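Below: one structure, written as structure tokens.
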Number of protein chains: 4
Amino acid sequence: MKKFNVAMIGAGFMGKAHSLSYAGMPMFFWPAPGIPYRKTVVDVTEELAKEAAQRFGYENYTANWRDVIEDPSIDIVDIVTPNDSHAEIAIAAAKAGKHIICEKPLARNAEEAKKMWDAVREAGVKHMVAFNYRRTPAVALAKKYIEEGRIGKILNFRGTYLQDWSADPNSPLSWRFQKKVAGSGALGDIGTHVIDFARYLVGEISEVMAITKTWVPERPIQTGGVDKLGTVKGQADTPKGIVDVDDEFSTLLKFENGAVGSIEATRNAWGRNNFLTFEIHGEKGSLYFNYERRDELQVCFADDPSDSKGFRTVYTGPAHPYGEGLWPIPALGIGYGETKIIEIYDFLKSIVEDTEVSPNFYDGYRIAVICDAILESAEKGMWISLNETSLSVN
Amino acid sequence: MKKFNVAMIGAGFMGKAHSLSYAGMPMFFWPAPGIPYRKTVVDVTEELAKEAAQRFGYENYTANWRDVIEDPSIDIVDIVTPNDSHAEIAIAAAKAGKHIICEKPLARNAEEAKKMWDAVREAGVKHMVAFNYRRTPAVALAKKYIEEGRIGKILNFRGTYLQDWSADPNSPLSWRFQKKVAGSGALGDIGTHVIDFARYLVGEISEVMAITKTWVPERPIQTGGVDKLGTVKGQADTPKGIVDVDDEFSTLLKFENGAVGSIEATRNAWGRNNFLTFEIHGEKGSLYFNYERRDELQVCFADDPSDSKGFRTVYTGPAHPYGEGLWPIPALGIGYGETKIIEIYDFLKSIVEDTEVSPNFYDGYRIAVICDAILESAEKGMWISLNETSLSVN
Amino acid sequence: MKKFNVAMIGAGFMGKAHSLSYAGMPMFFWPAPGIPYRKTVVDVTEELAKEAAQRFGYENYTANWRDVIEDPSIDIVDIVTPNDSHAEIAIAAAKAGKHIICEKPLARNAEEAKKMWDAVREAGVKHMVAFNYRRTPAVALAKKYIEEGRIGKILNFRGTYLQDWSADPNSPLSWRFQKKVAGSGALGDIGTHVIDFARYLVGEISEVMAITKTWVPERPIQTGGVDKLGTVKGQADTPKGIVDVDDEFSTLLKFENGAVGSIEATRNAWGRNNFLTFEIHGEKGSLYFNYERRDELQVCFADDPSDSKGFRTVYTGPAHPYGEGLWPIPALGIGYGETKIIEIYDFLKSIVEDTEVSPNFYDGYRIAVICDAILESAEKGMWISLNETSLSVN
Amino acid sequence: MKKFNVAMIGAGFMGKAHSLSYAGMPMFFWPAPGIPYRKTVVDVTEELAKEAAQRFGYENYTANWRDVIEDPSIDIVDIVTPNDSHAEIAIAAAKAGKHIICEKPLARNAEEAKKMWDAVREAGVKHMVAFNYRRTPAVALAKKYIEEGRIGKILNFRGTYLQDWSADPNSPLSWRFQKKVAGSGALGDIGTHVIDFARYLVGEISEVMAITKTWVPERPIQTGGVDKLGTVKGQADTPKGIVDVDDEFSTLLKFENGAVGSIEATRNAWGRNNFLTFEIHGEKGSLYFNYERRDELQVCFADDPSDSKGFRTVYTGPAHPYGEGLWPIPALGIGYGETKIIEIYDFLKSIVEDTEVSPNFYDGYRIAVICDAILESAEKGMWISLNETSLSVN
């Protein structure tokens, strides 16, 4: 069983999640496609990097991400930094022949994302963008039903991603509210997960029509480098800075296959936590998923007997995708960690078996094109056709 | 206690609902503002009208609706016919000085609706359009919270109305699928209820941007005059006719007060029955309602303590709007009947107290303007501003 | 279509519900088995009776219930008085040859109930006890599944009835808290509905083992005769009286067919409104019902494919029991009123067709035997076998 | 930061869960109370143990559990074997001065459990029994509310644990169905978790009254040592063996503080997966928890305003117990893994800080006493008082 040396660049909340997945993956999926070894962790200072190594179980640490690019023993580079550094790191890693897993969104915009996609293609390395939510077993089960034709031709997709961690206007101005770092707001941060669902489950999007809103125009400036996801609040007298990204967007969609849809994402929905949902209507049935109750997929089959038709709550477990590797009884329960463990499993498998994994940098790039189109549509107040804006792929 | 002689024109499913409300209203709301007396029922033939009188408890019957217009003893005309006859009947009733309650949508389009609104204004009669769902106690409670400022300034409204009774392509071509009778499809039939919610709870809509879809382009021609709401299916060899209205629409909204929103309605959502929902995000809280669980309103208050914040499921009962008149314990349960009983109560109160009731023909007309704009937007692929299309009111 | 003259004795909340059902039944179930005519209403004073006649639509009124027993034109006597008068009225009505519908519980104890059951048998009249909840379409659907063998042999029944209308210790001492009027507390008032479910769905109970609790030993004495179901509170200085019935009981059950079970009922469950539930486990499936979401039946079939097994939420409508008579689309919604309308429909049908209706006075008597046994078990701390305590029936 | 060498005895599904918690705990709770080091894993054969070491990340392995007892470098012994070996291993480990964490139930019966409790007390080591579900943040939040008096004096506790993994009669006869290995059936395996909840949240139980049932009297004999939790089925021609434990039990409870309650657990509830619930009614509020939706606690406060009272769905996150260490946003989601990570965190903290952790072997012993009493009550058909059966503790 081959060992893969991993270098993780970034050590915030997402670094925690990824480290857990490296440790836990072989425990779940056995025989594992390979054994990930936590070799080196990178953080912004030596002190932070040293602490991260101890906390997350890495052998080495450094404050200079180029160290791991140059280290020939590193097989996999894992990028869990803010969005503005994804491109530079990924392109360097690709040139150095590393396999790359990169947090979402792939980049701040389509132009950056295209360069990353070009780089990995050219280098011939494996690449993945970490839209982990599609690896929730219930979402993979929805995909299975659709592929088996069990809900028929898809007519409509409705997706939402609603949160409230920054609904409070005193929630600090982290990098997630700054266009130069994040690229966009709710769109890139959470909306991209829903766009990933739409492409994964329904197909390629052809046109978008959108509104965006920035409900909180300025926020207390954050001190310290940590990504404070709403758990810390600024004081009344904290100086404020400008929010130059969207807090919310809402979009109508047309798909290439004739389906229609809509997506809404906001961080100003009091009481919603990680309300990542989709509802899909097909000619032969319907599906509903809500990550807040992520073990469950709701499905209605049109051809059930009329006296016993209705949404079934399918509680995912051993009989469902990834189920044999996870827990032996449904409802022991899938958390965020498990989605990341599955992600790493599929990524290592793609390396070992030399296959493409999805979503990869091409998907990340396509999603960036859609994001750019959504922002353009909101600005111009008109439908934007993606076929005209996106670059061809071969 | 004044007795009001009612003439009901139409005797289908909606005639049943309205008749129950005339019989039941004083039982619930006592002392009643007046006692409705079921005087005359009108149906398309003498035989049907005679049977309707016996079934629904009317003293008289006729097959000619003009009889009741000309009958000076009639105080209230209740129009529960298909949409294409609303205008002619209502205008005649107004001229004859009758108070009018008319089923929704008020008319097939804004032009017709405007004439009806003009007629009742001119005649000085009381008028109401039967968007009964806003009288569900849980919806009225949402209105109360909003008016009291308990969820703050509204940012976003999302409404849906999902059904599946005609998702089967062999569901018959009733009048609801014919533009010349219905005016529009899912839009007028069910979407208007959501538009009514949006205006009631958030405020006037300023712009719309929409998609429409007709998923089932032809259906088995229906025989017989009854409005078969999906309970009867055509045979494979039944001749088919063209559906020239929408099965589904999806729209983005801008409100005059700066809020944004979206509405989706479809009759092709397998497993959804009367999935009439709204979710509203305000600066201080959120609301969620689903008619399929119509006794309940979900509300989250932002200023609840952080360790006990979350959506409350408020089960409506005696402590909520209309509650004292209804049932003495929450969850004895509100059905469709109760929404209609409340509707008649408010209508009679407006007559007795000589006040305006809402939604009235003006609201019905405004909603018709919005419907026309949605269809225009879907056709042209562009935002339609309502201030430019709608006629002024004073 | 035969007309049936109804005399209703009692005019409180239950009188409202029954009057609505007389008015509404033929509107729903057409052709109706008969037309109930609201002939005479009885209340405790002339004034109250007169007002009740106007409010509930009765032709006559009286303050003396014996008037209607002696009135040869009366076909049906409907008893909606407090429990302590059921026996006297019902026995007199039976002797006078009236058909009788009596509110639940049938009587304060088994001895009284036995006399009532003897009286109606002897008189040969039709008799029904108003356990209306089993006529909720979703409950009738559960019965249908069970009879069709779709969940197999039943192993376990768990029922609850949780309310909070008297959880506040200042909720007044209505007759429902007085043993001499009510017979028992939560047991007779709400627990009997669950016992009715258990017998209806599973079969005869053979043994019980119970605990009872009186959480609020004294309450403010109520002034006025109205049945104040928690909507009015006493003042701090209101004199208090003793509560000599149970606020809560919990019982283990053994059924004659080998199934086991439990029932719990309480009026001290803050946040529960009309939380009347059952869960049934069979060898081939499971059922779950909650009256708070009364349109829905949850069912899991063991033989569904492993990748799509789970509880189905069957939303009752035209395809389910009583559905054709009710509303043409699921989720227009069943309220308390509809359960009572169905009840009257089945009762009139039994009169016209000369068949037995269930639950009747025999069922009411058997339930009273079970209640007595539950109280005896709680007092003695031991299992009580019903076969030893109950009288034989033939 | 002190390193603790762990020896894990057993390497089945529970070994996976515990290993993940050793790896992940410091990633979540930082600074960690100590760093657990996966030193040695024990399984039944050398081959299995070797594979377990590789899979779960242990430095050494052995097929003889006495090796790790004798190894002076081992600080913590983790017992995740079937129930019949808990006592022997734990007593040996205690004598060797090891801290011990033992899977639940602590032993097959109270007598065994008492010896274990005596051994750890005598040895002065730290001890914990792995009732991990009480460490679900939503359950810990319920405890916090209760301790703060927010639901007042507790009146009633109702707990259930419903599963269906062995509802199929061809589910194999694993050790969990054999009295000599397991001690009892659903009672010890899952019912003990509910008993742990009852004691944790309400207080000590004083009397029990129970029924037990074995619905499937014989099952296909399992080949191989793995604990097949329902994922594998026997063939029709597989020889069968006797099930001599309960598939289901149902019990009434009395608590020392005057509260009453009931517990039901079964493995024959089709459609229920890990339906571990409690509902608690207090004088000032109610609580509801269901592990199938484990991120959520439902709470109703009696003193909320009457127009906005109802169950709140509190979605656990950073503002709730253990929240700061877990995930930065509610609904990223707690899975089974997180409950085990918290468990290890609290255990190591108790070692480092030399405090008692709960539930410990005393709790495990008390629960065993209750289990014995439940079985005795079911056999004798009478209430069993725990104060008479249990041994005194000091």
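Taken together, the values in this text are just the output of simple stated rules run on the coordinates, not laboratory data. In this text the structure is predicted, and so the values were computed from the model without any measurement. Cβ atoms come from the backbone with ideal geometry, glycine included; neighbour counts cover every protein chain shown.
A few remarks follow.
- Within the shell defined by Cβ-Cβ distances under 14 Å, the residues around residue D:41 carry a net charge of -3, with Lys and Arg each +1 and Asp and Glu each -1.
- Residue by residue along B:23-32, Cβ atoms of other protein chains within 10 Å of the local Cβ number 5 on average.
- Mean partner shielding of peptide A:292-303, defined as the number of other chain Cβ atoms within 10 Å of each residue Cβ, is 5.
- Summary for residue B:356: label point 7 Å along Cα→Cβ; distances to the equivalent points in the other copies, ascending, 6.1, 6.2, 7.1 nm.
- A simple count of charges around residue D:28, restricted to other residues whose Cβ falls under 10 Å of its Cβ and scoring Lys, Arg +1 and Asp, Glu -1, yields 0.
- Approximating the spin labels as points 7 Å out from Cα along Cα→Cβ, the residue D:44-to-residue D:144 distance works out to 4.3 nm.
- Charge dipole magnitude, Cβ of K and R +1, D and E -1 - chain D, Cα centre, debye nearest 20: 400 debye
- Each other copy places its own label point for residue D:149 at 3.3, 6.1, 6.7 nm from this one, sorted shortest first, where the point lies 7 Å along the Cα-to-beta carbon line.
- Helix runs (DSSP H) in chain B reaching 18 Å along axis by Cα, Kyte-Doolittle at least -0.5: B:13-28, B:336-353, B:361-380
- Cα centre as origin, Lys/Arg/Asp/Glu Cβ charges: the protein assembly as shown dipole, Debye: 0 debye
- The order of B:384, B:367, going from fewest to most other C-beta atoms within 10 Å of their C-beta, is B:384, B:367.
- Listed residue (D:110, D:42, D:23) projecting farthest to the positive dipole end of segment D:3-129, Cβ model: D:23
- Label-point separation, residue B:88 to residue B:238 (7 Å along Cα→Cβ), nm: 2.6 nm
- Square roots of five times the Cα gyration tensor eigenvalues for chain C, Å: 31, 27, 21
- Cα centroids of segment B:41-66 and segment C:44-83: 31 Å apart.
- Euclidean distance of C-alpha centroids, segment D:332-370 and segment D:115-172, integer Å: 10 Å
- For peptide C:336-345, the mean count of partner chain Cβ atoms within 10 Å of a residue's Cβ comes to 3.
- Computed helical MRE - 222 nm, chain C, DSSP H runs ≥ 4 contributing -39500 (n - 2.57), nearest 500: -9500 deg cm²/dmol
- The overall shape of the protein assembly as shown is oblate: from the C-alpha gyration tensor, with semi-axes ordered a ≥ b ≥ c, the ratio a/c is 1.5 or greater and a/b is no larger than b/c.
- Pairwise label distance in nanometres, residue C:121 with residue A:35, each label 7 Å out on the Cα-Cβ vector: 8.0 nm
- Taking the number of Cβ atoms within 10 Å of each Cβ as an exposure proxy, the fewest-first ranking of B:345, A:336 is B:345, A:336.
- Cα-Cα over 28 Å, subset of A:143/B:179; A:144/B:309; B:153/D:309; C:16/C:349; B:16/C:39; C:240/D:284: A:143/B:179; A:144/B:309
- If you take all other residues with their beta carbon under 15 Å from the beta carbon of residue C:66, and give Lys and Arg +1 and Asp and Glu -1, the sum is -4.
- Förster-model FRET efficiency, 45 Å R0, residue B:257 and residue A:153, C-beta, rounded to 0.05: 0.70
- Residue ranges B:164-176, D:10-22, B:42-54 sort as D:10-22, B:164-176, B:42-54 when ordered by packing (mean number of other C-beta atoms within 10 Å per residue, highest first).
- Ascending count of other beta-carbon atoms within 10 Å, so fewest first, for B:29, A:347: B:29, A:347
- Taking the Cα centre of segment C:280-394 as origin and assigning +1 to Lys and Arg Cβ atoms and -1 to Asp and Glu Cβ atoms, the resulting dipole is close to 240 debye.
- Label-point spacing for residue C:45 across the identical copies (point 7 Å from Cα in the Cβ direction), in nm and ascending order: 5.5, 8.3, 9.0.
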